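Each remark here refers to the structure printed beneath this line.
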Amino acid sequence: MITFESQHKDIWARTGKLRVGDKIAKTPLLLPVINPHIQLIPPEEMQQMGGLKP
């Protein structure tokens, strides 16, 4: 179940609690947005960093 409880609201934005199942996140949240079609790190470089298994 997903719920949102508003904590404070003004003309610009609102803060609150986002509940998903038993997890709670306070908003606003800053999350990275990644486009899977644009590779910022090539697979070869990621493999050298230990991020990919050969």
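Observations
- Kirkwood-type hydrodynamic radius, the chain: 14.6 Å, calculated from all non-identical alpha-carbon pairs.
- Anchor K26: aspartates and glutamates whose Cα lies under 20 Å away (excluding residues fewer than 8 positions away in-chain): E5, D10
- FRET efficiency, H8 to I34 (Cβ-Cβ, R0 35 Å, nearest 0.05): 0.70
- Length gained on full extension, K23 to E45, computed as 0.36 nm times the residue gap minus the Cα-Cα distance: 4.5 nm.
- Highest-first arrangement of 16-28, 34-46, where packing means the average Cβ count within 10 Å: 16-28, 34-46
Coordinate-derived values only; no laboratory data. Here the structure is a predicted model, which is why all the values come from computation and not from measurement. Backbone-built Cβ (ideal geometry, glycine too); neighbour counts: all protein chains shown.
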